[in-house]
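Visitor: One structure, as structure tokens, below. Some questions next.
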Amino acid sequence: MALDQRKRIAVFGSGLTGRYKCGICRALNIAAEDLDVDLIYFNSYGKLRSIYSVAEDQESGFLEFIDLDQFDGIVFDGEGYNIEGMADRVERKLRTAKCPVVSISSHIDGFYNIEFDDAGGLRAMVEHFINDHHFTRIGFMSGYLTHPDAQLRLNEYRAVMREHGFPEDGVGMFEGDFWYNKGVEAAHYFWSLPQRPEAIVCANDYMAISLINAFRQMGVRVPEDVAVSGYDGTPEGKDFLPHLSSVTRERNSIAYKALKLLVALAEGGSAENADLTVSPRPILSQSCGCEPLEYKHVLETVDRAHEDKRLLSTAVYELESAMLKLNKVENIRHMETVFEEDSVNFGEYTSFFLMVHTDPAGMPVYNSSYTAPSGKFTPVIWIDKNKEYAESTRTFHSASLIPQASTDRCHVYYSMVVHFAEKIFGYSLVEMAGKDIFNEFHNVWLHTLGLTLNALYQKDHINKLIGKLEGFSITDGLTGMLNRRGFDDKSRSTIASFSDKKNVCTMVVDMDGLKRINDEYGHYEGDRAIRALADIITRCCDSGEIAGRTGGDEFYIFAPDYSETILERFIGRMKQYTAEYNDSNKRGYLLDFSWGAYITESDSYGRIEEFLKISDARMYEQKMTKPGRRR
């Protein structure tokens, strides 16, 4: 399909590196290739617990810069947004889209919905225990009861139990947390009941794993003493020993139906005849006793665990080395080099782009002169291993977040916000080499890059502050010219740089009549006159002159490579500009000055102090010859 004809579909989700979410990403990627569409995932980190607290504004701050008009369709996976309010903000954003939106994890009014028969899956598992195993004492471990999935699964469990003539909560119901934290408490609860359960149905796989582990510590065997089932069909449940009996969410079917619907709608079709229902499939395995725990499976699982541990250790070592290098980064180009050399631990990728905010003046966000986001971005890391992207466009904006590819194939991108603390720097864009998403080390890299960008920002701010302070120390506050220290440092440095002898010139300029101006018109007007003379001197310095205000009404000028001709031009222009000032000045006084100059030959050992003494004496001689002289 031609590049301009291929549909582009956005996927909004959170915590996509989790093992369950990895599966839905892979399913979407396979479906995208089959349907020949481009995908771009907008992935949120989710809550990072006590290590680094991520706030709602940090996660959703990038949303306002995403122009949804560039997409032909949107897939929304609302599960996993465990930062309060985040899912609602994403949903509100997606409601502004002109293209169709499909929700694949929960029913949302106003969107197209892939309906998963959650209740049917839970019913099938409970009825399996009743009809196939003939269990009569069954317990239930729920998720936290404020969650809609927990409520639906508990209600269906109770309905099945009532239909078969059992108490609706069976031998007992325990409220878990959809995670691993309640297993010990649940195991003690169930095993202390007057009627111990023959089977326990858990509302998801993670709670089932934690429950079985707790039973194991108590000496309770699964499935010999009690059968346990999970829900969702996670990779963790398939690797766990005993392998979990569970209910799969049929991710391949969900992904294909979602993308197929969006493509059809984008091409002018309708959803009237689309099959948007996905039926669950029970996985009857070892934890309910339907399959034996085979030695071969144990070895495969242990070998895989050892390999994962080895790869994890290697990835950690590589990341530690990279972080040490990033701590020494001096500039943006160096940061790109470190990333390109060391970003080997989150999976093979073909391209990686780091785009940062720019302000209306084009200043990047890591520059301390940056003011506010303009909606434009510039790349600071540009890695294109297969040379598929043109670098001619170096500015991106909300309507074109993705570089233009030159290859006629479908592309899958993952985008995440890059920030440090409250400061949002921009976004990343990565394209993996295969169908799988990156691992968690990618997120660690983004956090580290955010930290590095913040360090560069702080460094730039400090350097500019130091420069400003240094400027204060060598700059005259009234006129903005060099002060005595600044003049001495710069002129001496210039002389010291001489490689051979040169004709140099020193001048001393002194304002005439400053005391009279101060006495008759006030010190404010005296300062105004000093600034006027300073501006005139500065305007005349166009031949390499170094000028500074070195006293109340006294100015020094040093010029390397000078001649009498240049000097005459300099003084002539000063007199001209002074006359022009006096013509326009209506304050009742005339600006005037006396001057003395000395041209001589000097090498790098020349003493500018001696030259200035001669210039000062000549200035004084001239001043004394003026009629009606007043200091």
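All of the numbers you see were taken from the coordinates with simple rules; none came from a lab. No experiment lies behind these values; they were computed from the predicted model shown. Cβ atoms come from the backbone with ideal geometry, glycine included; neighbour counts cover every protein chain shown.
Visitor: With each label point set 7 Å from Cα along the Cα-Cβ vector, what nm distance links GLU224 and MET624?
Guide: In this crude spin-label approximation the distance works out to 11.9 nm.
Visitor: What is the gain in length, in nm to one decimal, between ARG573 and ALA97 on full extension, counting 0.36 nm per residue of separation less the C-alpha to C-alpha distance?
Guide: That pair, ARG573 and ALA97, stretches by 164.8 nm at full extension.
Visitor: Next question, about the same structure. Given a Förster distance of 25 angstrom, what is the FRET efficiency for ALA271 paired with GLN5, based on the Cβ-Cβ distance and rounded to 0.05? Spell out each step's value before the answer.
Guide: Values: r = 22 Å, r/R0 = 0.87.
Computed FRET efficiency for ALA271 and GLN5 comes out at 0.70.
Visitor: Normalised by the residues of the stretch 484-624, what does the relative contact order come to in percent, with Cα pairs under 8 Å and at least six apart?
Guide: Over the stretch 484-624, the number comes to 40 percent.
Visitor: Could I ask something else about it? Starting from the amide H of GLY426, placed 1.01 Å from N in the peptide plane, find each other amide H under 5 Å away whose residue is 5 or more places distant or on another chain.
Guide: HIS357, VAL418
Visitor: Still on this structure: Roughly how big is the stretch 439-505's charge dipole about its Cα centre, with Cβ charges of +1 (Lys, Arg) and -1 (Asp, Glu), in debye to the nearest 20?
Guide: The calculated dipole for the stretch 439-505 is roughly 380 debye.
Visitor: Suppose R0 equals 30 Å. What FRET efficiency, 1/(1 + (r/R0)^6) with r the Cβ-Cβ distance, do ARG528 and ALA617 give to the nearest 0.05?
Guide: Step by step, r from the Cβ atoms, then E = 0.55.
Visitor: Something else: So if R0 is 30 Å, what FRET efficiency would SER406 and GLU341 give, r being the distance between their Cβ atoms, rounded to the nearest 0.05?
Guide: 0.70
Visitor: Restricting to DSSP H runs of at least four residues, report the calculated mean residue ellipticity at 222 nm for the chain, -39500 (n - 2.57) per run over all residues, nearest 500 deg cm²/dmol.
Guide: -13500 deg cm²/dmol
Visitor: Taking a quarter of the surface of the convex hull around the Cα atoms of the stretch 484-624, what do you get in nm²?
Guide: Values: hull surface 32.9 nm².
Averaged projected hull area, Cα only: 8.2 nm².
Visitor: Check cross-link reach from LYS613 to the lysines: straight Cα distance under 26 Å, and skip same-chain residues fewer than eight apart.
Guide: Partners within reach: LYS490, LYS501, LYS502, LYS515, LYS575, LYS623, LYS626.
Visitor: Moving on to the next point. Relative contact order of the chain, please, whole-number percent, based on alpha carbon pairs below 8 angstrom and at least 6 residues apart.
Guide: Here the relative contact order equals 12 percent.
Visitor: Follow-up question, since we're still on this one. Using a simple charge model, +1 on the beta-carbon of Lys and Arg, -1 on the beta-carbon of Asp and Glu, nothing else, what dipole does the chain show about its Cα centre, in debye to the nearest 20?
Guide: 2140 debye
Visitor: Give, in nm to one decimal, the length gained when the segment between TRP191 and ALA159 is fully stretched (0.36 nm per residue of separation minus the Cα-Cα distance).
Guide: Details: separation 32, 0.36 × 32 = 11.52 nm, distance 2.41 nm.
Length gained between TRP191 and ALA159: 9.1 nm.
Visitor: Moving to a separate point now. Step through the residues of the stretch 526-534 one at a time and calculate ³J(HN,Hα) from phi using the Karplus curve (6.51 cos²θ - 1.76 cosθ + 1.60, θ = phi - 60°), rounding each to whole Hz and writing x for Gly and Pro.
Guide: So the Karplus estimates, Gly and Pro as x, are x, 5, 4, 5, 4, 5, 5, 5, 4 Hz.
Visitor: On a 0 to 90° scale, report how tilted helix 332-342 is relative to the longest principal axis of the chain, with both axes built from alpha carbons and the result rounded to the nearest 10.
Guide: Approximately 30 degrees, to the nearest ten.
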